[in-house]
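As structure tokens, the structure follows; a few thoughts come after it.
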Amino acid sequence: RREHRGTRAHDRDLSDRSQLARFGESVAAAYLSHRGGSVVARNLPVGRGEIDLLVRFGGRHVAVEVKTVGSSALAGDPIERITPAKLAQVRALAGVLAARYGRMRVDFVGVRVEATGVTVNWRQNVA
């Protein structure tokens, strides 16, 4: 579990959920890139679902689910809001991608956007 606080978000218009989600995915991509990852794809369609980020660390590909919440959300870790059904879906999608990319890992990144900044929490190998 790793946490990071940074970037002020108060001047961004994140009033709708899709804008908030896109912002969170961009923050997560930058965060993982800064930690040695290489973003291969964003919003990658897989069957009837989608992987938020496909990131390569060394020779291994990682399917990343990003959960972003704004300051109006209840306190707590955004990752805790990922349901068992969503976890099962991400696992299944990663299994499909494994045929193309080899052994896959599944990570979650939680992004909390507040007026004072952005907090990122990265959990590796959750599935």
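The values are calculated or read from the model by the stated rules, or taken from the named source; none is laboratory data. Not measured: the values here are computed from a predicted model. Reconstructed Cβ throughout: ideal geometry from the backbone, glycine too, with neighbour counts over all protein chains shown. For accessibility, only protein heavy atoms count, side chains too; no ligands or nucleic acids. Shrake-Rupley method; radii C 1.70, N 1.55, O 1.52, S 1.80 Å.
Annotations
- When only the Cβ of Lys, Arg, Asp and Glu is charged (+1, +1, -1, -1), the dipole of segment 40-127 relative to its Cα centre reaches about 380 debye.
- Considering only VAL66, VAL46, TYR31, the residue lying farthest towards the positive end of the dipole of segment 31-71 is TYR31, judged by Cα position with unit charges set on Cβ.
- Model label points for LYS86 and ASP16, set 7 angstrom from Cα along the Cα-to-Cβ axis, are 2.0 nm apart.
- Accessible surface of the chain [probe 1.4 Å, protein heavy atoms]: carbon and sulfur percent: 48
- Subtracting the Cα-Cα distance of TYR101 and ASN125 from their residue separation scaled by 0.36 nm leaves 7.0 nm.
- Label-point separation, ALA30 to ALA115 (7 Å along Cα→Cβ), nm: 2.1
- Taking only the alpha carbons of the chain, we obtain Rg and Dmax values of 14.1, 42 Å in that order.
- Helix 84-101 vs. the chain, principal-axis angle (Cα, 0 to 90°, nearest 10): 50
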